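Q: For reference, the structure I am asking about is given below.
The values are calculated or read from the model by the stated rules, or taken from the named source; none is laboratory data. Please read all numbers here as calculations on a predicted model, not as lab measurements. With ideal geometry, Cβ positions are generated from the backbone for all residues, glycine too; neighbour counts draw on all protein chains shown.
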Amino acid sequence: MNYVSFEEILDLVDGTEDKRLYEPIGEKNYFVNISAKDHASELIAESHTYEDDIYIVKEGEADLYLGGEIFGSKEVTAGQLRGTNLVGDITKQRIYPGDMVFIPATTPHMLDARNDTIKLVVVKIVKRA
(Lines give C-alpha, C1' and ligand atoms only; values in the text may rest on other atoms or scores of the structure.)
Protein backbone atom coordinates (compact mmCIF):
# COMPACT_ATOMS: atom_id res chain seq x y z
CA MET A 1 0.00 0.00 0.00
CA ASN A 2 1.15 3.53 -0.80
CA TYR A 3 -0.15 6.37 1.34
CA VAL A 4 0.14 10.06 0.73
CA SER A 5 -1.79 12.74 2.58
CA PHE A 6 -4.02 15.20 0.78
CA GLU A 7 -1.80 18.02 2.09
CA GLU A 8 1.27 16.40 0.50
CA ILE A 9 -0.56 16.21 -2.80
CA LEU A 10 -1.64 19.85 -2.66
CA ASP A 11 1.86 20.95 -1.60
CA LEU A 12 3.14 19.71 -4.97
CA VAL A 13 1.34 22.54 -6.72
CA ASP A 14 3.93 25.28 -6.34
CA GLY A 15 5.82 25.47 -9.62
CA THR A 16 5.17 25.67 -13.31
CA GLU A 17 6.26 22.21 -14.38
CA ASP A 18 4.35 18.95 -14.19
CA LYS A 19 5.37 17.06 -11.05
CA ARG A 20 4.72 13.37 -10.63
CA LEU A 21 4.04 11.92 -7.21
CA TYR A 22 3.42 8.24 -7.80
CA GLU A 23 3.61 5.95 -10.77
CA PRO A 24 2.24 3.31 -10.56
CA ILE A 25 -0.09 2.70 -7.62
CA GLY A 26 -2.18 -0.41 -7.84
CA GLU A 27 -2.12 -3.75 -9.51
CA LYS A 28 -3.82 -5.82 -12.17
CA ASN A 29 -5.74 -3.77 -14.75
CA TYR A 30 -5.33 -0.27 -13.33
CA PHE A 31 -2.75 2.10 -11.95
CA VAL A 32 -3.04 5.62 -10.59
CA ASN A 33 -0.73 8.48 -11.45
CA ILE A 34 -0.92 11.66 -9.36
CA SER A 35 0.63 14.86 -10.66
CA ALA A 36 0.34 18.54 -9.91
CA LYS A 37 0.11 21.30 -12.48
CA ASP A 38 0.34 25.05 -12.51
CA HIS A 39 -1.69 25.17 -15.68
CA ALA A 40 -0.25 26.79 -18.79
CA SER A 41 -2.05 29.58 -20.57
CA GLU A 42 -2.46 27.79 -23.90
CA LEU A 43 -5.53 25.92 -25.08
CA ILE A 44 -5.12 22.18 -25.54
CA ALA A 45 -8.13 20.00 -26.21
CA GLU A 46 -7.53 16.37 -25.36
CA SER A 47 -9.06 12.95 -24.88
CA HIS A 48 -7.59 9.78 -23.39
CA THR A 49 -8.69 6.33 -24.51
CA TYR A 50 -7.46 4.53 -21.39
CA GLU A 51 -7.38 7.25 -18.70
CA ASP A 52 -9.99 8.76 -16.39
CA ASP A 53 -8.94 12.17 -15.03
CA ILE A 54 -9.78 13.69 -11.67
CA TYR A 55 -9.01 17.40 -11.28
CA ILE A 56 -8.71 18.86 -7.78
CA VAL A 57 -8.40 22.66 -7.79
CA LYS A 58 -6.04 24.15 -5.20
CA GLU A 59 -5.88 27.81 -6.27
CA GLY A 60 -7.39 30.05 -8.92
CA GLU A 61 -10.16 29.34 -11.35
CA ALA A 62 -10.72 28.50 -15.00
CA ASP A 63 -13.32 27.37 -17.50
CA LEU A 64 -13.49 23.64 -18.15
CA TYR A 65 -15.07 22.50 -21.41
CA LEU A 66 -16.34 18.94 -21.79
CA GLY A 67 -17.75 16.97 -24.72
CA GLY A 68 -18.02 17.66 -28.40
CA GLU A 69 -15.20 16.74 -30.73
CA ILE A 70 -11.53 17.71 -30.82
CA PHE A 71 -10.77 20.15 -33.64
CA GLY A 72 -7.56 19.22 -35.47
CA SER A 73 -7.33 15.96 -33.52
CA LYS A 74 -4.03 14.06 -33.72
CA GLU A 75 -2.93 10.99 -31.81
CA VAL A 76 0.24 12.18 -30.03
CA THR A 77 0.86 8.84 -28.30
CA ALA A 78 -1.16 5.63 -28.13
CA GLY A 79 -4.65 6.52 -26.92
CA GLN A 80 -3.81 10.23 -26.41
CA LEU A 81 -5.62 12.62 -28.76
CA ARG A 82 -4.90 16.34 -28.81
CA GLY A 83 -6.08 19.32 -30.79
CA THR A 84 -6.52 23.08 -30.68
CA ASN A 85 -10.17 23.38 -29.63
CA LEU A 86 -13.48 21.61 -29.02
CA VAL A 87 -16.43 21.88 -31.39
CA GLY A 88 -20.02 20.66 -31.31
CA ASP A 89 -22.11 19.86 -28.23
CA ILE A 90 -19.92 21.24 -25.42
CA THR A 91 -20.61 21.85 -21.73
CA LYS A 92 -18.81 24.75 -20.03
CA GLN A 93 -18.18 24.66 -16.26
CA ARG A 94 -16.33 27.29 -14.21
CA ILE A 95 -14.11 25.56 -11.62
CA TYR A 96 -12.92 27.07 -8.32
CA PRO A 97 -10.65 26.17 -5.36
CA GLY A 98 -11.92 23.06 -3.61
CA ASP A 99 -13.73 21.75 -6.69
CA MET A 100 -13.15 18.18 -7.83
CA VAL A 101 -14.08 17.08 -11.34
CA PHE A 102 -14.19 13.53 -12.72
CA ILE A 103 -13.60 13.22 -16.48
CA PRO A 104 -14.24 9.70 -17.81
CA ALA A 105 -11.94 8.15 -20.42
CA THR A 106 -12.73 9.13 -24.03
CA THR A 107 -14.39 12.42 -22.95
CA PRO A 108 -12.96 15.35 -24.91
CA HIS A 109 -11.97 18.14 -22.51
CA MET A 110 -10.13 21.45 -22.43
CA LEU A 111 -9.12 23.76 -19.60
CA ASP A 112 -9.10 27.49 -20.42
CA ALA A 113 -6.95 29.46 -17.97
CA ARG A 114 -5.73 32.04 -20.49
CA ASN A 115 -7.14 34.95 -18.48
CA ASP A 116 -6.77 33.27 -15.09
CA THR A 117 -4.29 31.35 -13.01
CA ILE A 118 -5.08 27.86 -11.77
CA LYS A 119 -3.14 25.32 -9.75
CA LEU A 120 -4.57 21.84 -9.68
CA VAL A 121 -3.83 18.23 -8.91
CA VAL A 122 -4.52 15.73 -11.68
CA VAL A 123 -5.18 12.12 -10.71
CA LYS A 124 -5.10 9.72 -13.67
CA ILE A 125 -6.69 6.32 -13.37
CA VAL A 126 -5.18 4.36 -16.23
CA LYS A 127 -6.71 1.17 -17.59
CA ARG A 128 -3.93 -1.08 -18.77
CA ALA A 129 -4.57 -2.45 -22.23
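Q: Out of K119, K92, I need the residue that is part of a strand (DSSP E or B), touching a residue at least 40 places away in the same chain (Cβ under 8 Å) and either basic (K, R) or in contact with a Pro (Cβ under 9 Å, 6 or more places away or on another chain) (or both). Which one? Lay out the reasoning, then the answer.
A: Working: K92 fails: touching a residue at least 40 places away in the same chain (Cβ under 8 Å).
Selected residue: K119, the only one of K119, K92 that is part of a strand (DSSP E or B), touching a residue at least 40 places away in the same chain (Cβ under 8 Å) and either basic (K, R) or in contact with a Pro (Cβ under 9 Å, 6 or more places away or on another chain) (or both).
Q: For I34, which of the numbered conditions (1) modelled with pLDDT under 90; (2) more than 13 Å from the chain's Cα centre (by Cα) fails to hold?
A: Exception for I34: condition (2).
Q: Of everything in region 60-77 that's free of Cβ contacts under 8 Å to residues at least 24 places away in the same chain and within 22 Å of V123 (Cβ to Cβ), which residue is surrounded by the fewest Cβ atoms within 10 Å (Cβ to Cβ)?
A: T77
To keep it simple, each residue is scored yes or no on (1) more than 21 Å from A113 (Cα to Cα); (2) modelled with pLDDT under 95; (3) surrounded by 11 or more Cβ atoms within 10 Å (Cβ to Cβ); (4) not small (G, A, S).
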| site | (1), (2), (3), (4) |
| --- | --- |
| F6 | yes, yes, no, yes |
| G15 | no, yes, yes, no |
| D53 | no, yes, yes, yes |
| K58 | no, yes, yes, yes |
| V87 | no, no, yes, yes |
| D99 | no, yes, yes, yes |
